[in-house]
1. Kindly indicate whether Val13 is at pLDDT below 80, within 21 Å of Val210 (Cα to Cα) and open to solvent by 80 Å² or more (accessible area, probe 1.4 Å).
2. For segment 101-139, how many residues are among the hydroxyl-bearing types (Ser, Thr, Tyr), outside any helix (DSSP H, G or I) and within 18 Å of Leu173 (Cα to Cα)?
3. Of all residues being of a type in the set (S, T, N, Q) and not in a loop (DSSP other than H, G, I, E, B) in segment 48-89, which is farthest from Leu114 (Cα to Cα)? Just the residue, please.
4. Just one of the numbered conditions (1) in contact with a Leu (Cβ under 6 Å, 6 or more places away or on another chain); (2) touching a residue at least 24 places away in the same chain (Cβ under 8 Å) is not true of Met111; which one?
5. Going through Thr145, Thr110 one at a time, which residue ends up being of a type in the set (Val, Ile, Thr) and open to solvent by less than 20 Å² (accessible area, probe 1.4 Å)?
6. Condition first: basic (Lys, Arg) and modelled with pLDDT under 80. Now tell me which residues in segment 44-91 satisfy that.
7. Has segment 80-91 got at least one residue that is open to solvent by less than 70 Å² (accessible area, probe 1.4 Å), in contact (Cβ under 8 Å) with a residue 12 or more places away in the chain and at positive phi?
8. Can you tell me which residues in segment 156-198 are surrounded by 17 or more Cβ atoms within 10 Å (Cβ to Cβ), modelled with pLDDT under 80 and charged (D, E, K, R)?
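The values are calculated or read from the model by the stated rules, or taken from the named source; none is laboratory data. Computed from a prediction, not measured in an experiment: that's the story for all the values here. Here the Cβ positions follow ideal geometry from the backbone for every residue, glycine too, while neighbour counts run over all protein chains shown. The protein model used for the area step is the full one, side chains on, heavy atoms only, and it has no ligands, DNA or RNA in it. Shrake-Rupley method; radii C 1.70, N 1.55, O 1.52, S 1.80 Å.
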Amino acid sequence: GWVRRARVVVWRVTQVPRVSVSEQQPALHSHAVIRANSVFKLFMKAEYIADAYLSPDGQKPLYFINPTEKGDKAGKFECKYDNKGGTIRSEVVRPPADPVSSSFSLDGRTMDLLSLLVHIRFLDMSPGASRQMHLLMSGKSIAATLTCQGIDKERFPGTEAKRFHLKMRGRGLMENGSGDEIDVWCTTGSDHRLLGLETILNSSPMVVTVK
């Protein structure tokens, strides 16, 4: 099938807005913008935009926001991480439906996907090493297993001679139910910098590269 490519994720150090903490504090900011090419705008009606804020070392999520639009109605999927209280509060707003709020335990394994893509650098990259995670997507907690497949020299395009390949499996990972797996690649350097990911969307592979 056709392959959709998109630009996504630029990391920088910034300040957390006054939305999830009582005072501003230094944070690692991950910003994602995914744009489909013209052929696949039928599947992606709008850009996917998300922002995640983590502690400066990238280990603790602080805040996540994915604003959405449907017609002239603004919505969002938002997660607020209370690291002192040990809870995550999420809210999904999809007009005209009423907002839906949920609460989850902050256990170091439950987080939104964008925060996880930053957090991957701390995982064991030994072949076969795995970690149980819970991904927060649209107000739901989805159980998933993230497993390192070892060094991959072939599949993901890029300039890195070697790269680690990780596979995430979990029922319902994709909101439209078209796929239960996400493949992730990162560098073999000490920072394990994210290179990109691939998943199935509407029976075709969607490849997201990091710029």
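1. Working: at pLDDT below 80: yes; within 21 Å of Val210 (Cα to Cα): yes; open to solvent by 80 Å² or more (accessible area, probe 1.4 Å): yes.
Yes.
2. Initially, segment 101-139 is screened for residues among the hydroxyl-bearing types (Ser, Thr, Tyr), giving 101-103, 105, 110, 115, 126, 130, 138.
In the following step, the residues that additionally are outside any helix (DSSP H, G or I) were identified as 101-103, 105, 110, 126, 130, 138.
Okay, now just the ones that are also within 18 Å of Leu173 (Cα to Cα), so 110, 130, 138.
So the count comes out to 3.
3. Keep residues of segment 48-89 that are of a type in the set (S, T, N, Q), which gives 55, 59, 66, 68, 83, 87.
Imposing the further condition that a residue be not in a loop (DSSP other than H, G, I, E, B) reduces the set to 66, 68, 87.
Numbers: Asn66: 10, Thr68: 16, Thr87: 18 Å.
Only one residue fits best here, namely Thr87.
4. With (1) in contact with a Leu (Cβ under 6 Å, 6 or more places away or on another chain); (2) touching a residue at least 24 places away in the same chain (Cβ under 8 Å) applied to Met111, the lone miss is (1).
5. Values: Thr145 fails: open to solvent by less than 20 Å² (accessible area, probe 1.4 Å).
Among Thr145, Thr110, only Thr110 is of a type in the set (Val, Ile, Thr) and open to solvent by less than 20 Å² (accessible area, probe 1.4 Å).
6. So in segment 44-91, the residues basic (Lys, Arg) come out as 45, 60, 70, 73, 76, 80, 84, 89.
Result: Lys45, Lys70.
7. Within segment 80-91, one or more residues are open to solvent by less than 70 Å² (accessible area, probe 1.4 Å), in contact (Cβ under 8 Å) with a residue 12 or more places away in the chain and at positive phi.
8. Glu160
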